[in-house]
Amino acid sequence: QVQLVESGGGLVQAGGSLRLSCAASGLTFSNYGLGWFRQAPGKERECVAAISWSAGRTYYLDFVKGRFTISRDNGKNTVYLQMNSLKPEDTAVYYCAAEFLGRGQNRVNAYNYWGQGTQVTVSS
């Protein structure tokens, strides 16, 4: 079965960096668009970054532009989210998701598979 497993979350001070990884199995990774979403307590899940199946298109939430970078390594079946200059407002559970032949879009309901999430906490 399809599995997406996130790692790399943790506690970091404001201004610091974290790199999230999401390892996928049970699917043909290169055929999937991938997204990183986050959900803070009491808030809706939102897409912070996404990358198309061909890696030719990316999406970033305005609030993270210039600070976060999404990338994929098809050889390792892994998608990454490099997060720099972190802010307390970035605190949330971060999820990766996969969409078959996805074009790197930000709609939650477009994605077929989801990971369990990893907590990111940014202290002020």
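The values are calculated or read from the model by the stated rules, or taken from the named source; none is laboratory data. This one's a predicted model, so the numbers in the text were calculated from it and none came from an experiment. Neighbour counts are summed over all protein chains in view; Cβ atoms, including those assigned to glycine, are modelled from backbone coordinates with ideal geometry. These area figures cover heavy atoms from the full protein model, side chains too; ligands, DNA and RNA do not enter into them. Shrake-Rupley method; radii C 1.70, N 1.55, O 1.52, S 1.80 Å.
Quick one: divide the alpha-carbon radius of gyration of segment 9-59 by 2.2 N^0.38 Å and tell me what you get.
1.39
With bins 5 Å wide starting at 0, give me the P(r) of segment 28-124 over every alpha carbon pair, in whole percents.
The distribution over segment 28-124 is 3, 14, 26, 26, 18, 9, 3, 0, 0, given as percents.
Calculate, for the chain, the solvent-accessible area per residue in square angstrom, rolling a 1.4 angstrom probe over the heavy atoms of the protein chains.
Using a 1.4 Å probe on heavy atoms only, each residue of the chain averages 51 Å².
With no solvent and one equal point scatterer placed on each C-alpha of segment 1-85, evaluate the Debye formula and give log10 I(q)/I(0) for q = 0.11 Å⁻¹, two decimals.
For segment 1-85 at q = 0.11 Å⁻¹, log10 I(q)/I(0) is -0.30.
Residue separation times 0.36 nm, minus the C-alpha to C-alpha distance between Arg19 and Asn109: what's the value?
29.9 nm
Given a Förster distance of 41 Å, report the FRET efficiency between Glu44 and Lys76 from their Cβ-Cβ distance, rounded to the nearest 0.05.
The value I calculate is 0.85.
Any chance you could look up the accessible area of Phe100 with a 1.4 Å probe, heavy atoms only, rounded to 10 Å²?
Phe100 exposes around 110 Å² with every protein chain in place.
List the aspartates and glutamates whose Cα sits under 15 Å from the Cα of Lys65, skipping any in the same chain fewer than 8 residues away.
Filter leaves Glu46, Glu89, Asp90.
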